Amino acid sequence: MPDPKVDLVQVAQHVGRPSRKTCGDCHFSGGGADAVKHADMSGVLYKPSREDDFHMGGLDFSCQERHKTKNHKIAGRSSSVAVVEGVLSCRDCHTDKPHYGLHLLDHHLNTHCEHIDCNTCHTPLYARGKATKARWDWSTAGDKKRKPKKDKYGKPDYHWKKGDFLHVQNAKPAYAWYDDRMKRYLVGDKVEDLDSVIKITEPVGDFRDPVAKITPFKIMYGKQAADPETGYLLAPHLFGPGGYWKTLDWQQSFADGMKAHNLDYSGKYKWVETEMYWRVEHGIAPREMSLTCVQCHSSLKEEKTCNRCHRDSRDVDFKKLANKGSEEQKRYFLGESQKLINSTDYLDFKKLGYKGDPIVFGGRFKKLLFGN
Ligand code: HEC
Ligand code: HEC
Ligand code: HEC
Ligand code: HEC
Ligand code: HEC
């Protein structure tokens, strides 16, 4: 430091406000290339359309417009790292009751904000328009003779350096209760049971936790190495002299990698299944393409909708209200995801702790007096 190859005069003469390219050249390529790691950030955000990201495409926001910075500290938090340089929330700009109250749906939308994260309704898909890696199996790496095949998104299913891959595009997120805290596996943590799936990051929160909200995630599935004697996940040494990509020797790679972390390596390794939760936060769709009532509540799909609870009125078309947005969604739900427009099971209520659709069975703290 500083690297003698860097022309510091040239650098000093080009100090200015960061552009989307400044941030994106690192963050859109997290994980080694474009659209690998994050669920909701990729090269699409250099020049997004209004559908790709309402704030950046529709309102031409820069990154720092929302990621407020002070003394070079950038507000916002990644699911993967335990560092935070300032908190950031949709509510900072939109308040706890973001729906203006001008429309017949706004009352219920605002009450939903106590239980449901904004992105659940406003970012119904991730990897929209560009495939992202969803599974990465390191155990098959090392076969230089194997010819990678292109999957339906045009992405290779294999690389001898890295193993097998699975990609997804226009994908429906996984949903979990989340109270703004993440449990994280940190290097050196011992795993008790290597035969179960190891959560590298996992949202904290549950059905009974009043501050927790139903939040969308991309789950990155992996197969990677652990030491059955110590219980550590193993850090491989990959590139440079002696690295796996030169030697194709996992033993040496793990021995070097763990030594660099000052951790023991028993000399034995085993492939284990891992999951890593990545929060979906960017890529807000225009309002008219948000989830419709029916996409979560099957109870509003049939003949009775709002009039399960409200008196009919000649001036109001309840059916239309419960499905509001399904027409506009055709511009948002691309390709195979079109079939999600008229689905009614966006949330698996039972898996989240409900007895079933809350309109029929009641909310988590509140029993409805009517609705059946
Ligand atoms: C030179 C590469 C690089 C550039 C340029 C860059 N970042 Fe980062 N940023 C990182 C790395 C590395 C991390 C650590 C996160 C990780 O390991 O995934 C990070 C973390 C973050 C975090 C998560 C908070 C935290 O402390 O973990 C936010 C938010 C963020 N960056 C926003 C920005 C914004 C906004 C810009 C543009 C003004 C920007 N970054 C430019 C590399 C970069
Ligand atoms: C830095 C301030 C700021 C933050 C933070 C912010 N927004 Fe916005 N948002 C705006 C502004 C300004 C508008 C345009 C005015 C309006 O519609 O209220 C807007 C508009 C919207 C719209 C309406 C889109 C349309 O079609 O009219 C939605 C939906 C929305 N934001 C959701 C979110 C969500 C969800 C988050 C958090 C992930 C968020 N916003 C964070 C400033 C912000
Ligand atoms: C249950 C789903 C749901 C949740 C949760 C939700 N929204 Fe909305 N939001 C919608 C729908 C649907 C619309 C469009 C309403 C319409 O067109 O009548 C909308 C509209 C908006 C608008 C445009 C203003 C308006 O009144 O139409 C903004 C801004 C907005 N939402 C922000 C947010 C923010 C911020 C959060 C989290 C604090 C949030 N929303 C949570 C479904 C939701
Ligand atoms: C993302 C899925 C989702 C969407 C979209 C959604 N809801 Fe809900 N709704 C829920 C959940 C979850 C609860 C239970 C909240 C609780 O535990 O109290 C609920 C509860 C309700 C309730 C009973 C509780 C109350 O607020 O009185 C009504 C009524 C309701 N929703 C109506 C609507 C209407 C109308 C719409 C469309 C504007 C809508 N929902 C859109 C998930 C959703
Ligand atoms: C399960 C019963 C139930 C269903 C279904 C339901 N609502 Fe409601 N709604 C309520 C209750 C109860 C209230 C009174 C306030 C509260 O507890 O949230 C209410 C309040 C409202 C309000 C605010 C009225 C005011 O005076 O401020 C509006 C507007 C509204 N609902 C519209 C709708 C629309 C539109 C639908 C269908 C898309 C719908 N509701 C479906 C139970 C329901």
By the C-alpha gyration tensor axes a ≥ b ≥ c (rounded if a/c is under 1.5, else prolate when a/b exceeds b/c, else oblate), the shape of region 21-118 is prolate
Under 5 Å from the placed amide H of G129, counting only residues 5+ away or on other chains, we find N170
Mean accessible area per residue over region 174-274 (1.4 angstrom probe, all protein chains present, square angstrom) is 51 Å²
Cα pairs beyond 18 Å in region 196-291, in percent, come to 62 percent
In the neighbourhood of T140 defined by beta carbon distances under 13 Å, the net charge of the other residues (Lys, Arg +1; Asp, Glu -1) is +3
Checking rank on 29-42, 171-184, 70-83, with mean other Cβ inside 10 Å and highest first, the result is 29-42, 171-184, 70-83
quick shape note, region 313-372: Cα extents on principal axes in Å, largest first -> 38, 37, 14
Region 291-361 accessible area per residue, 1.4 Å probe, protein heavy atoms, integer Å², reads 62 Å²
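As a test of the formula, what do you get for the chain when each DSSP H run with n ≥ 4 contributes -39,500 (n - 2.57) and the sum is divided by the residue count, at 222 nm and rounded to the nearest 500 deg cm²/dmol?
Taken over the chain, the calculation gives -3500 deg cm²/dmol.
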When the charge dipole of region 248-301 is computed with +1 on Lys and Arg Cβ and -1 on Asp and Glu Cβ about the Cα centre, the Cα farthest towards its positive end, among S290, V280, A255, belongs to S290
From the cross-link list K213/K301; K155/K339; K21/K270; K330/K351, the entries with a Cα-Cα span beyond 32 Å are K21/K270
From the Cα centre of region 341-362 to that of region 17-53, the distance in Å is 33 Å
At q = 0.09 Å⁻¹, the log10 of I(q)/I(0) for region 117-226 from a Debye sum over equal Cα scatterers comes to -0.33
Looks like region 93-163, by Cα gyration tensor root eigenvalues a ≥ b ≥ c and the a/c under 1.5 rounded cutoff (else prolate when a/b is bigger than b/c, oblate otherwise), is prolate
quick shape note, region 167-247: Cα extents on principal axes in Å, largest first -> 51, 34, 21
Here the convex hull volume per residue of the chain, taken over Cα atoms and given in Å³, is 175 Å³
Loop-resident chymotrypsin sites (Phe, Trp or Tyr not before Pro) in region 258-367 with no more than 15 other Cβ atoms inside 10 Å, DSSP not H/G/I/E/B, are F365
Taking protein heavy atoms only, a 1.4 Å probe, and rounding to whole percent, the accessible area of region 291-361 owed to carbon and sulfur comes out at 51 percent
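The values are calculated or read from the model by the stated rules, or taken from the named source; none is laboratory data. Everything quoted here is computed from the prediction, not taken from an experiment. A quick note on method: Cβ atoms are made from the backbone with ideal geometry, for glycine too, and the neighbour counts reach across all protein chains shown. Protein only, heavy atoms only, side chains kept; ligands, DNA and RNA dropped before computing areas. Shrake-Rupley method; radii C 1.70, N 1.55, O 1.52, S 1.80 Å.
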